[in-house]
1. Select from segment 332-346 the residues that are touching a helix residue (DSSP H, G or I) at 6+ places or on another chain (Cβ under 8 Å) and assigned to a loop (DSSP other than H, G, I, E, B) and write down the one among them that is surrounded by the most Cβ atoms within 10 Å (Cβ to Cβ).
2. Does residue 254 fit the bill of being in a loop (DSSP other than H, G, I, E, B) and within 30 Å of residue 368 (Cα to Cα)?
3. Pull up segment 225-237, narrow it to residues that are touching a residue at least 60 places away in the same chain (Cβ under 8 Å) and under 16 Å from the mean Cα position of the chain (by Cα), then point me to the one that is farthest from residue 52 (Cα to Cα).
4. Do we have residue 305 as part of a loop (DSSP other than H, G, I, E, B), within 17 Å of the chain's Cα centre (by Cα) and over 19 Å from residue 168 (Cα atoms) here?
5. Go through (1) surrounded by fewer than 21 Cβ atoms within 10 Å (Cβ to Cβ); (2) farther than 23 Å from residue 309 by Cβ; (3) at pLDDT below 95 for residue 248 and report which single condition fails.
6. Which condition from (1) crowded, with 19+ Cβ neighbours inside 10 Å; (2) free of Cβ contacts under 8 Å to residues at least 60 places away in the same chain is the one that residue 153 breaks?
7. Criterion first (touching a strand residue (DSSP E or B) at 6+ places or on another chain (Cβ under 9 Å), over 30 Å from residue 66 (Cβ atoms) and touching a residue at least 12 places away in the same chain (Cβ under 8 Å)) does residue 208 satisfy it?
8. Which condition from (1) touching a residue at least 40 places away in the same chain (Cβ under 8 Å); (2) in contact with a helix residue (DSSP H, G or I) (Cβ under 9 Å, 6 or more places away or on another chain); (3) surrounded by fewer than 17 Cβ atoms within 10 Å (Cβ to Cβ) is the one that residue 96 breaks?
């Protein structure tokens, strides 16, 4: 079975499909034969193998094949490669990150109207418990009401596009207090009274359902979504729009946003028909992020209203040429400012002695209204 046939078959079932297990479908470069016979690029001509392979060990940077209409992305996921403002990057309590790795393969076909994900984890904590401390590594956010503690957990893989079509949204601030009231997604009938409209950048985010590794921390998970309008897994829920922006205009710096307050805003879930195409997601600068998520509360369609938990483990930014290497992290603040370096080493690295870290919080900023009456 070649990739084109496999993708057409997957298009018939958007809730997931399994690659064939016929030995004839396997690439000749198996784990037993080593890498000498087949390159990583050549291995992508076959459907994904539903186990951790020699190629998953070997891949160190994103591999792109094809074009916007039909193609494949195969990328490693490393701990802490990217995150959102205030995200906690998890590290296991024993401080040993040497075995932790993930890979994601995405195969898309516009004609078949399908985008198929194959996610693999190796050596991740099976169900980590997260305790955060208010004012230290957690701050209440009325526009991102994720739980502070996560006691029973699974994982989600998020597809993120920073600059796809129509990247800005209108946000409304109270004209009297300068505080954020919401966005056009909260006020579809029009702006609230006595408000100041501000156009600000938003990201498009969508994810898999919850994924659960085995007791050894290994996982293989597949699902498919539509190409023409991307959605959450299952297609019942669309996507969320996410802003990294000031909640108080008086704490914002229009000349350098990173010198003021930057916090997360998450829209209500959008309808499936509102999603951009997969081509727009690709052109926008695709990022992938595997987060640790609450698995205790049954949410409608399995999609919590707050989006993601604010705790991340494995990620990468395939849109960056060469991706983000193991032991490095993409600097969102540097990207916003458009300054180098955009990638810096993780404090403690990803080997023995790794430790959790908080991703670039900007919870408060100077009161610029006081200095500029």
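The values are calculated or read from the model by the stated rules, or taken from the named source; none is laboratory data. Please read these numbers as outputs of a predicted model, since none were measured by experiment. Glycine gets a Cβ as well: all are built from the backbone with ideal geometry, and neighbour counts include every protein chain shown.
1. Out of the qualifying residues, it is 342.
2. Details: in a loop (DSSP other than H, G, I, E, B): yes; within 30 Å of residue 368 (Cα to Cα): yes.
Here the answer is yes, as residue 254 does meet what is asked.
3. Checking each candidate, the answer is 230.
4. Values: part of a loop (DSSP other than H, G, I, E, B): yes; within 17 Å of the chain's Cα centre (by Cα): yes; over 19 Å from residue 168 (Cα atoms): yes.
Taking the combined requirement at face value, the residue satisfies it.
5. (3)
6. (2)
7. Working: touching a strand residue (DSSP E or B) at 6+ places or on another chain (Cβ under 9 Å): yes; over 30 Å from residue 66 (Cβ atoms): no; touching a residue at least 12 places away in the same chain (Cβ under 8 Å): yes.
For residue 208, the condition - touching a strand residue (DSSP E or B) at 6+ places or on another chain (Cβ under 9 Å), over 30 Å from residue 66 (Cβ atoms) and touching a residue at least 12 places away in the same chain (Cβ under 8 Å) - is not met.
8. (2)
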